[in-house]
Amino acid sequence: MLGLKLPTDPRWATIVEKNIEEILTDHAFCEIKASATAVSLIVTFPEYTDLVEAMAPLAQEEMDHFKQVHKLITKRGWVLGRDRKDHYVNQLVKFFPKGGSRTTQLVHRLLYAALIEARSCERFKILSENLQDEELANFFGSLMKSEAGHYTLFLKFARKYGNRKEVDKKWEELLKFEADIMKNLGTKETVHG
């Protein structure tokens, strides 16, 4: 369903399990950034009414996820650490050239967002199936469903606003590019690392 070209090795969950505090901090900031992406799309593209109407509740949902992650952090006696650079996203956004029409920029941002959500969904599935910590396994399993919905939402809007054939071609190219990025990741206890 997700179309990812290079699946994550399930052994990545073992890396995560050795430092739950790190993955939770990284995850918390991923949720904040996801909320910020939804808000940014509203601010940058307010003329797309249906997009604005979809992004407002999405931004709130992502902040609700942040609150849930933060609650898990504090429940375990930890405090939220500092944000880290997301090397995955930093490399991913180099795929499309800067510039182009507003519509092209919007489609590119929607495709990036769709892919980030798809990879997060895949990673949460792995955690839900492989973590020994039952509370966290169930938590990631519940979020996996949300991420899948976000992925399809962003991809739907990209296809709506762009030429469907061109968007699908760009999507396939982006998936291949992302697979190359993923060859060098999967060794850290971060959502995308």
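A short reminder: the numbers here are calculations on the coordinates, not readings from a lab. Since this is a predicted model, take the numbers as computed values, not measurements. A quick note on method: Cβ atoms are made from the backbone with ideal geometry, for glycine too, and the neighbour counts reach across all protein chains shown.
Structure data summary
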quantity	calculated
Condition met for Arg159 (under 18 Å from the mean Cα position of the chain (by Cα), under 17 Å from Leu2 (Cα atoms) and in a helix (DSSP H, G or I))	no
Lone unmet requirement of (1) part of a helix (DSSP H, G or I); (2) over 19 Å from the mean Cα position of the chain (by Cα); (3) not polar (S, T, N, Q) for Ala54	(2)
Verdict on Val69 being farther than 29 Å from Lys170 by Cα, within 19 Å of the chain's Cα centre (by Cα) and surrounded by 15 or more Cβ atoms within 10 Å (Cβ to Cβ)	yes
Selection from segment 136-156 of residues that are more than 23 Å from Ile42 (Cα to Cα) and either free of Cβ contacts under 8 Å to residues at least 40 places away in the same chain or within 12 Å of the chain's Cα centre (by Cα) (or both)	Ala137, Asn138, Phe140, Gly141, Ser142, Leu143, Met144, Lys145
So Arg84, is it assigned to a loop (DSSP other than H, G, I, E, B), within 16 Å of Thr190 (Cβ to Cβ) and not acidic (Asp, Glu)	yes
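Residue-by-condition table, conditions (1) touching a residue at least 60 places away in the same chain (Cβ under 8 Å); (2) out of contact with any Ser or Thr (no Cβ under 6 Å at 6 or more places or on another chain); (3) more than 24 Å from His150 (Cα to Cα); (4) among the aliphatic types (A, V, I, L, M):
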residue: Leu72; (1), (2), (3), (4): yes, yes, no, yes
residue: Arg82; (1), (2), (3), (4): no, yes, yes, no
residue: Gln91; (1), (2), (3), (4): yes, yes, no, no
residue: Arg102; (1), (2), (3), (4): no, yes, no, no
